[in-house]
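Step one of this worksheet: look at the structure below.
The values are calculated or read from the model by the stated rules, or taken from the named source; none is laboratory data. What you see is a predicted model, and the numbers here were worked out from it, not measured in a lab. So basically every Cβ, Gly included, is an ideal-geometry build from the backbone, and we count neighbours across all protein chains shown. Side chains are part of the model used for accessible areas, which takes the heavy atoms of the whole protein and leaves out ligands, DNA and RNA. Shrake-Rupley method; radii C 1.70, N 1.55, O 1.52, S 1.80 Å.
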Amino acid sequence: MTQPTAEHVGLLLRDARGEKGWTQGQLASELGTSQSAIARMEQGKQNLSLRMIERLESIFGRTIVKVGKRQMTHLRVEGGRTLSGSVDVNSSKNAGVALLCASLINRGTTTLRRLARIEEVNRIVEVLTSIGVECTWLNGNDLRIRRPETLDLASMDVEAARRTRSVIMLLGPLLDEAASYQLPYAGGCDLGTRTVEPHMQALRQFGLSVEAKSGFYSVQAPPADGEHRTFVLTERGDTVTENAIMAAAHRSGTTVIRNASPNYMVQDLCFYLQGLGVVIDGIGTTTLKITGRPAIDVDIEYFPSEDPIEAMSLITAGIVTNSEVTVCRVPIEFMEIELATLEQMGQQLDISGEYFARNGRTRLVDVTTKPSRLRAPEDKIHPMPFPGLNIDNLPFFAVIAGNAEGQTMIHDWVYENRAIYLTELNKLGAQVQLLDPHRIYVNGPTKWRGAEVGCPPALRPAACLLLAMLAARGTSELRNIYVIERGYEDLAERLNTIGAKIEYFQD
């Protein structure tokens, strides 16, 4: 099927806007862009990414463009440009996914405001819709969720479920939804074997029985009880903690969870559940005390807080291009170790005073990067559970270390093979030496150069390649960016607002 031209798409967009009775300024406000950008779109002077077309179709409630089978999408980057200006951090991907799962606990209407429109969220929405949940996008990034009295678990969209690891987080909210049901094996990034056994160990505390059978988890629900329970998580994992919290939230009795993750997405989940009337003590610590409610029927709206991993991505863009860039709405509580490490490497940062996120709880700051001369840190850089350096922020230090004088060791002890993907930076001129599946040396400074590179099957290393391309002289191509769209909303377009030159294309 012939792809429509930019001019044709512009006419369709103008017609759709006219039918809604909106000005260009109103549409720009809905999209979070400028009126001049809308004018360029309608004049056919700006190509629209598939993500932008999907957002427009959601806003107008109609098809803007009919295309045949969608092809793989790639990015072309003109590197070596100095960036400037400011850019906001979007809401948290990981919090958004947890909140979508937790919405099943509520028999009332949940409205999630400013939810990230990313592929990971889309997959969970598809799963929820397939089991009978009414999911309606409002005003672009607000999602209204209404579940039926009885979920149709037998009709679950298996394909959508297999494309995300987050499906495992349905076990907690579905704890006793049905006497028995099946849940597809979880998918997501290729980061080596990440066992689901910690989830099972936590949920067995509530009496849940799960057995792996032919590509599915076969689940037997526990009987209702009002018991008090206390247990220790053998792994302080974010999603494991969230699953246990969601199970406890709709069971009678009080649950004490020790060695719980106090990370950002866990806190967001707890704030939402408190809004549903669940009593939770110890938020932000490793011991949570949860008094559940067996029947929850509350109309609630909630704003997920900003994403510290996206904040680190945007800060890295400023650092690697040696630019002055202001990243606004940075959740400082979850970035303090990262920023301190950067300052030890010689990075100059201006940090504003604190203010609250829209959820009224998370503390935010604005961070401005300054052109700086970096040096390798004296010690290795490694992640730790919160409040340590976030495991998902670790890969960005490989790009940053590429700009630093000397040799930096990065130790990714959590994942078996993610460090291997960071050697792809060598195609852009980096000097990354793989010591073993968990450790790399990065030797700097790097003379970044343009290249064509395929996206690795892991989100953060893929984003690192895009960020390195911003610094690379010449033109680079990053091919098959689906993995990036799983975790970022319009990352390339937002980098363009601060001076990058990135365009989408398809073969």
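Shown in residue order for the range 382-387 are the 3J(HN,Hα) couplings computed by the Karplus curve 6.51 cos²θ - 1.76 cosθ + 1.60 at θ = phi - 60°: 8, x, 8, x, 3, x Hz (x for Gly and Pro). Per residue, the convex hull spanned by the alpha carbons of the range 135-266 comes to 139 Å³. Relative contact order for the range 436-492: 39 percent, from Cα pairs under 8 Å spaced at least 6 residues apart, divided by residue count. Under 5 Å from the amide H of residue 86 lie the amide H atoms of 326, each residue being 5 or more positions distant or on a separate chain, with H modelled from the backbone and absent for Pro and chain starts. Charging the Cβ of each Asp and Glu at -1 and of each Lys and Arg at +1, and nothing else, the dipole of the chain about its Cα centre rounds to 660 debye. For the range 196-347, averaging the sequence separation of C-alpha pairs within contact (under 8 Å, six or more residues apart) and dividing by the residue count gives a relative contact order of 17 percent.
Loop-resident GluC sites (Glu not before Pro) (DSSP state other than H, G, I, E or B) in the range 369-447 with no more than 13 further Cβ atoms inside 10 Å of their Cβ: 378. Think of the chain as having a plus end and a minus end, set by charges on the Cβ of Lys, Arg, Asp and Glu; of 292, 263, 127, 127 sits farthest toward the positive end of this dipole.
Legend: translational diffusion of the range 145-189 by Stokes-Einstein, Rh = Kirkwood radius over C-alpha pairs, 20 °C, 1.002 mPa s; D = 189 µm²/s.
May I ask you to derive the relative contact order of the chain, considering only C-alpha pairs under 8 Å and at least 6 residues apart, and to give it as an integer percent? Value for the chain: 18 percent. Hey, can you grab everything whose amide H is under 5 Å from the amide H of residue 209? Only 5+ residues off in sequence or another chain; H modelled, so Pro and N-termini drop out. Residues meeting the criterion, in which the H sits 1.01 Å from N, are 220. Our coupling estimate for the range 413-424, obtained by passing each phi through the Karplus curve with A = 6.51, B = -1.76, C = 1.60 and θ = phi - 60°, is 7, 7, 9, 5, 9, 5, 4, 4, 5, 6, 5, 5 Hz, Gly and Pro reported as x.
With θ taken as phi - 60° and the Karplus curve 6.51 cos²θ - 1.76 cosθ + 1.60 applied, the whole-hertz 3J(HN,Hα) list for the range 247-254 is 5, 5, 5, 10, 10, 5, x, 10 Hz, x standing for glycine and proline. Sorting 285, 255, 341 by solvent-accessible area of protein heavy atoms yields 285, 341, 255, largest first, with a 1.4 Å probe. A 26 angstrom limit on the alpha carbon distance is what I want to check against. Which of 20/93; 20/501; 370/501; 213/289; 93/213 exceed it? Among 20/93; 20/501; 370/501; 213/289; 93/213, the Cα-Cα distance tops 26 Å for 20/93; 20/501; 213/289; 93/213. A dipole drawn for the chain from +1 and -1 charges on Cβ atoms has a positive end, and of 331, 385, 36 the residue lying farthest that way is 36. Counted over the chain, the DSSP beta bridges are approximately 75% antiparallel.
Counting only protein heavy atoms and a 1.4 Å probe, the chain has 39 square angstrom of accessible area per residue. Counting only Cβ charges, +1 for Lys and Arg and -1 for Asp and Glu, the dipole size of the range 327-376 around its Cα centre is about 120 debye.
For the chain, the carbon plus sulfur part of the accessible surface works out to 45%, probe radius 1.4 Å. Decide, for the range 195-238, between rounded, prolate and oblate: order the square roots of the alpha carbon gyration tensor eigenvalues as a ≥ b ≥ c, take rounded if a/c falls under 1.5, and otherwise choose prolate if a/b is larger than b/c, else oblate. The shape class here is oblate. Shape class for the range 357-507: rounded, because the ratio a/c of the largest to smallest gyration tensor axis (alpha-carbon atoms, square roots of eigenvalues) is under 1.5. All alpha carbon pair distances within the range 367-453 were sorted into 5 Å bins beginning at 0; the resulting P(r) in whole percents reads 3, 15, 24, 25, 19, 10, 3, 0.
Let me know the shape class of the chain, please: from the alpha-carbon gyration tensor, a ≥ b ≥ c as square roots of the eigenvalues, rounded when a/c is under 1.5, otherwise prolate if a/b is greater than b/c, or oblate. Since a/c reaches 1.5 but b/c is at least a/b, the shape of the chain is classed as oblate.
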